[in-house]
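Colleague: Structure provided below as structure tokens; questions to follow.
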Amino acid sequence: MSKKWLAILLTAALAASMPMAAFAEEGEEGEATAVTTVGPDDGTHFEMWSFVDVHNEFYAKMVEQWNEENPDKQIQITFSTYPYSDMHNKLMMSLQAGSGAPDLCDVEIGQFPNYTGDDCPLVPLTDALAPYEADLVQSRLDVYSKADGTRIGVPTHVGAAVMYWNAEIFEEYGLDYKSVKTWDDYTALGEQLKEASGGEVYLTSVDTGGVDWMWVAMAEYGEDWTGGPDGEVNVQLDSVKKMMTMQQQWLEDGIAMISTDGHVDLEAGFKNVSEGKIASFPKAMWYMSRFMNYMPEMEGKYDITTIPVFEEGQKCSVGIGGTGTVVTQQCENPELAAEWIAWAKCSQAGEEHIWNDLGFDVCNTALWYDDAFAFDENNPYNTFFRVKPYEVLQQLNDADAIGTIYTVDASPTLNDYMCTTTLNEVFEDGMDVEEALQEAQDYLDMELD
């Protein structure tokens, strides 16, 4: 086995699950937790793997709809759902062995750097995506591409970062969150909330187990600590320093708390949100489903806006998390597989299911302006919050405000060190930001050499 493939396998085995993986079911190691076959026996047969059962349910619907619309290109797909780590490890090993891989497979964004080299074992999807590309969010396509721009994955959603506000809390204390445009405005609001609530309610919580805040800051300044596909890791960015310094000051001033269990996307985080312990936080659009699934009592209480910026005119969002679907080179009919998966996830038919069934912000921006698609009140997300989500997405698109942060080979090591060491040193221990980032850079330079 080559050193590169050994490294890839180790990375797959050690990589932490991203938020999307929280929906994966548990099962015996290496075994599928669910297997189902959809489509006629005389159709072209494909095998497809995912680590999220609801994804396979969505794909199954798209097989049925495709077959209805394409009587001359019938397909049958056997869907298998595996636990997150098992699926990614199994995929890597079968690609390395040259046999046993599925025809199509979901790949979580943190795993994508494993496939972007010159010996990529995936089928190029540039041609299959071409009919849709003009309307798709480019930053989402870019993160599932090779360094030369070849598309190798079909995105599921944008994952646009937005600001969630407990409007009921701010109304109770007579505070205006809607006028907040900059982080200075946000900090001032935090001081007002602290005084009005007697310190009972924090403006937000600061993560020690996630880097979403840092991604937002980098997007605002157009920076990327990964260096992108061809660059070098550099965590000593002005954007990162500014965000960490500001957050450290919030903690010292008592207007923010440290996120229980590290971030808001865990049970303790849901409790802080639902009990009104924190009044706002930035998170991707997919967090809307957390309200629906874990905090239904918050219906009508929360508003969504764009995120504050350091300087007016900056980008104010970034795509966070995600799953790209690939076609492997072991597929015997890659053209049909590519055509189907591009249609399933990027056409209006597919995007309707992604929005209405999964609650994800779709990548096809033309649909953001289609009232029948975006603002239908039969969609529960349009009535749960105080704003229709695509109103906010339209603002982001009109301002070209969604930035790109890449996931590269170094990302697992970088993110792990930040979440286990640097963020804790700064926010828990009060370490100087410059000193902590220098320590992190020294470690990463040594590990990634």
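The values are calculated or read from the model by the stated rules, or taken from the named source; none is laboratory data. All values derive from a computational prediction rather than experimental measurement. Because the Cβ atoms are built from the backbone with ideal geometry, glycine has one as well, and the counts that use them run over all protein chains shown.
Colleague: Could you pull out the residue among Ser280, Ser274 that is crowded, with 23+ Cβ neighbours inside 10 Å and polar (S, T, N, Q)?
Modeller: Residue meeting the stated conditions: Ser280.
Colleague: For Ile405, indicate whether it is in contact with a strand residue (DSSP E or B) (Cβ under 6 Å, 6 or more places away or on another chain) and not in a helix (DSSP H, G or I).
Modeller: yes
Colleague: Then there's this: With respect to Tyr381, determine if the residue is touching a Gly at 6+ places or on another chain (Cβ under 8 Å) and more than 19 Å from Arg140 (Cα to Cα).
Modeller: yes
Colleague: Quick check on the range 166-219: of everything there that is in a helix (DSSP H, G or I) and among the hydroxyl-bearing types (Ser, Thr, Tyr), which residue is nearest to the chain's Cα centre (by Cα)?
Modeller: Checked the range 166-219; the qualifying residue nearest to the chain's Cα centre (by Cα) is Tyr186.
Colleague: Another question, then. For the range 48-62, enumerate the residues that are surrounded by 20 or more Cβ atoms within 10 Å (Cβ to Cβ), in contact (Cβ under 8 Å) with a residue 60 or more places away in the chain and aliphatic (A, V, I, L, M).
Modeller: Within the range 48-62, Val52, Met62 qualify.
Colleague: Continuing with the same structure: Taking the condition of being in contact (Cβ under 8 Å) with a residue 12 or more places away in the chain and out of contact with any strand residue (DSSP E or B) (no Cβ under 8 Å at 6 or more places or on another chain), how many residues in the range 268-279 meet it?
Modeller: The number of residues fulfilling the criteria is 2.
Colleague: Another question, then. Mind counting the residues in the range 127-151 that are part of a helix (DSSP H, G or I) and surrounded by 17 or more Cβ atoms within 10 Å (Cβ to Cβ)?
Modeller: Count: 6.
Colleague: Could you list, in sequence order, the residues of the range 66-99 that are free of Cβ contacts under 8 Å to residues at least 40 places away in the same chain and not in a helix (DSSP H, G or I)?
Modeller: Listed by number, the residues that qualify are Asn70, Pro71, Asp72, Gln74, Gln76.
Colleague: Out of the residues in the range 103-121 meeting the condition of being touching a Gly at 6+ places or on another chain (Cβ under 7 Å) and assigned to a helix (DSSP H, G or I), tell me which one is modelled with the highest pLDDT.
Modeller: Ile109
Colleague: Would you mind telling me which numbered condition in (1) aliphatic (A, V, I, L, M); (2) touching a Lys or Arg at 6+ places or on another chain (Cβ under 7 Å); (3) more than 20 Å from Asp303 (Cα to Cα) Ala337 fails?
Modeller: It fails just one condition, (2).
Colleague: Hey, can you tell me all the residues within the range 236-271 that are surrounded by 21 or more Cβ atoms within 10 Å (Cβ to Cβ) and under 22 Å from the mean Cα position of the chain (by Cα)?
Modeller: Those that are surrounded by 21 or more Cβ atoms within 10 Å (Cβ to Cβ) and under 22 Å from the mean Cα position of the chain (by Cα): Ser239, Val240, Met243, Met244, Ser259, His263, Val264, Asp265, Gly269.
Colleague: So Ala147 ticks every box in (1) among the aliphatic types (A, V, I, L, M); (2) over 28 Å from Lys388 (Cα atoms); (3) at pLDDT 95 or above but one. Which box is left unticked?
Modeller: Exception for Ala147: condition (3).
Colleague: I need every pair where a residue in the range 218-238 that is in contact (Cβ under 8 Å) with a residue 12 or more places away in the chain has its Cβ under 9 Å from the Cβ of a residue that is of a type in the set (Lys, Arg) and in a loop (DSSP other than H, G, I, E, B), sequence separation at least 6 or different chains.
Modeller: From residues that are in contact (Cβ under 8 Å) with a residue 12 or more places away in the chain, the pairs are Ala219/Lys315; Glu220/Lys315; Tyr221/Lys315; Gly222/Lys315; Pro229/Lys146.
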